[in-house]
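Handing you a structure now.
Nothing in this text is a laboratory measurement; each read-out follows from the coordinates by a stated rule. Just so it is clear, the model here is predicted, and its values are computed rather than measured. Backbone-built Cβ (ideal geometry, glycine too); neighbour counts: all protein chains shown.
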Amino acid sequence: MSLPPRAPMKPLDQALAELLAHAAPLQGAETVTTFDADGRVLAQDCVSALHVPPQDNSAMDGYAVRGADVPAAGAVLPVSQRIAAGSAGEPLAPGTAARIFTGAPVPEGADTILMQEDCEVLDGEGLGRVRVNVLPPIGQWIRRAGEDITRGAVVLAAGTRLSPAELGLAASIGLHQLQVARRPRVALFSTGDELVMPGDVPPEQMRPGAIYNSNRFFLRAMLQRLGCAVTDYGIVPDRRDATIDALRSASGSHDLILTSGGVSVGEEDHIKPAVESLGSLDLWQIAMKPGKPFAYGQIPRAEGAAHFMGLPGNPVSSFLTFALLVRPFVLRLQGVQDVAPQSIAARADFTWPKADKRREFLRVRHNAAGGLDLFSNQSSGVLTSAAWGDGVIDNPAGQTIAPGDRVRFIAFSELLG
Ligand code: AMP
Ligand code: MG
């Protein structure tokens, strides 16, 4: 059998752009409670119907006064009222101070808050008197109405991915439920007759040639972190008919079918012919390391088509092609615009003497000296590198690295969540 001619390698950025061109946002949003919205993507702007804070309030425990009533340190004022957080108080009687607590509204007429540490309580009728020991700047310690959010402001825009701070922010403008994109429905398959599920066979009874299915675990977890509803179809045997049956049954009810393994062009690689018999497929050799083989296709169904993506089987290749290609795609399906992981400048504390003609993603970890250490084995099958590392260096093609060099670092928090 003659091997097919080698296709030219496709730059990663070009592959991503082509993928994203297919990522039309999913139709249909749903309403969830703000409690349940962590990790989801807003389908609608959140507009504030009020100022936050709603009125001027005190940033300190102390006294509210008119600045003009305290012309110099040592002034003494009678205390005319007491205002705790949650109560409104009365307009401030001229020439008096109001006892006030953090978060309580500043009474009408007051323009300055005195910290209680700058005051001394003196005896007197009613609520007593207070001596001001430090001359206050007018306006001090007042948190202004609308200082955080003004009425009518778009606090969170459609397409925002929600994390805990955003949930609190939405709650601060009174939203107890939110409109979010529906979850992408993703079917997950592992291919390979060598694969065994942990739990099915104990390590000491593994037959020669068998390995545990590790990809299934990180792929499912990464999909779930991205808000997907995952149907896990488990392991598909390395047979054309079985692969076709599995893909056909998944395509009807899923937005995306994701497989790992079987996308090379070996005789045991059935993904390409199987997807082609049901729809269309492009098999790419992507100029990245680890990575390289990656497939994108479509399988038509009653309405439209299901997306298909085939990842390489080697665990680190699978992990990184997911992070750099599938993740942005799945976020874009939910309406996220900015899907590029943020890279930052960092210092390499190691030598990488051999340049590669592909763009490399080296597993590294921060050290206490503020630099990056390299995991000793960068092979695409060594998943320890991904667990050990806290991110990757995005190293351009043809680039060697010497100690002290500036490199681009992408944290796993940018790639996995
Ligand atoms: P393939 O892409 O199917 O040629 O597989 C490439 C390599 O990745 C082979 O060594 C496979 O045994 C390994 N591999 C494939 N799928 C998995 C998986 N789900 N978990 C762990 N290793 C895998
Ligand atoms: Mg295989």
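Sorting check: for 61-73, 306-318, which peptide has the highest mean count of neighbouring beta carbons within 10 Å, and how do the rest follow?
Top to bottom by mean Cβ count within 10 Å: 306-318, 61-73.
Among DSSP bridges having both ends in the chain, what percentage is antiparallel? Round to the nearest 5.
Beta bridges within the chain, antiparallel portion: roughly 65 percent.
Around ALA295, under 15 Å between beta carbons, what's the net of Lys plus Arg minus Asp minus Glu among the other residues?
Computed value for this residue: -1.
Which lysines, if any, have their Cα less than 18 Å from the Cα of LYS357, not counting same-chain residues under 8 positions apart?
LYS10, LYS289, LYS292
Highest first, please rank the peptides 209-215, 256-262 by the mean number of other Cβ atoms sitting within 10 Å of their residues.
256-262, 209-215
Once you treat every alpha carbon in segment 1-157 as an equal point and sum by Debye, what is log10 I(q)/I(0) at q = 0.15 Å⁻¹?
-0.83
Could you tell me which of rounded, prolate or oblate describes segment 206-307, using a ≥ b ≥ c as the square roots of the eigenvalues of the alpha-carbon gyration tensor, with rounded for a/c under 1.5 and, failing that, prolate when a/b is larger than b/c and oblate otherwise?
Taking the square roots of the gyration eigenvalues as a ≥ b ≥ c, segment 206-307 is rounded.
Moving on. Along Cα→Cβ, 7 Å out, is where each label goes; now give me the distance between the ones at GLN224 and GLN44 in nm to one decimal.
So the label points at GLN224 and GLN44 sit 3.0 nm apart.
Please compute, over every Cα-Cα pair in the chain, the percentage with a separation greater than 32 angstrom.
54
May I pose another question? Pull out the extension gain between ASP338 and ALA85, defined as 0.36 nm times the separation in residues minus the alpha carbon to alpha carbon distance; nm, one decimal.
Extra length from ASP338 to ALA85 when fully extended: 87.0 nm.
Please enumerate, by chain and number, the aspartates and glutamates with C-alpha under 17 Å from the C-alpha of LYS354, excluding those fewer than 8 residues away in the same chain.
ASP373, ASP394, ASP405
Rounded to the nearest 20 debye, what is the charge dipole size of the chain about its Cα centre when +1 sits on each Lys and Arg Cβ and -1 on each Asp and Glu Cβ?
I would put it at about 1020 debye.
To continue, here is another question. What 222 nm value per residue comes from the helices of the chain, counting each DSSP H run with n ≥ 4 as -39,500 (n - 2.57) and dividing by all residues, nearest 500 deg cm²/dmol?
One gets -5000 deg cm²/dmol as the mean residue ellipticity at 222 nm.
With the cut-off at 1.5 for a/c, could you classify segment 37-125 from its C-alpha gyration tensor as rounded, prolate or oblate?
Prolate shape, in that a/c is at least 1.5 and a/b is the bigger ratio.
With a ≥ b ≥ c taken as the square roots of the eigenvalues of the C-alpha gyration tensor of segment 344-416, please select rounded if a/c is under 1.5 and otherwise prolate if a/b is larger than b/c or oblate if it is not?
Working: a/c = 1.37, a/b = 1.06, b/c = 1.29.
Rounded is the answer for segment 344-416, as its axis ratio a/c remains below 1.5.
Let me ask another. Please report MET288, MET197 as a ranked list, fewest other C-beta atoms within 10 angstrom at the top and most at the bottom.
Ranking MET288, MET197 by Cβ neighbours within 10 Å, fewest first, gives MET197, MET288.
Evaluate the distance, in nm, between pseudo-label points positioned 7 Å from the Cα of HIS22 and of THR150 along their respective Cα→Cβ axes.
Calculated label separation equals 4.6 nm.
Taking the Cβ of each residue in LEU325, LEU416 as the centre, tally the other Cβ atoms inside 10 Å and list the residues starting with the fewest. Intermediate values should be presented prior to the final figure.
Values: LEU325 23, LEU416 18.
Final ranking by Cβ density, sparse to dense: LEU416, LEU325.
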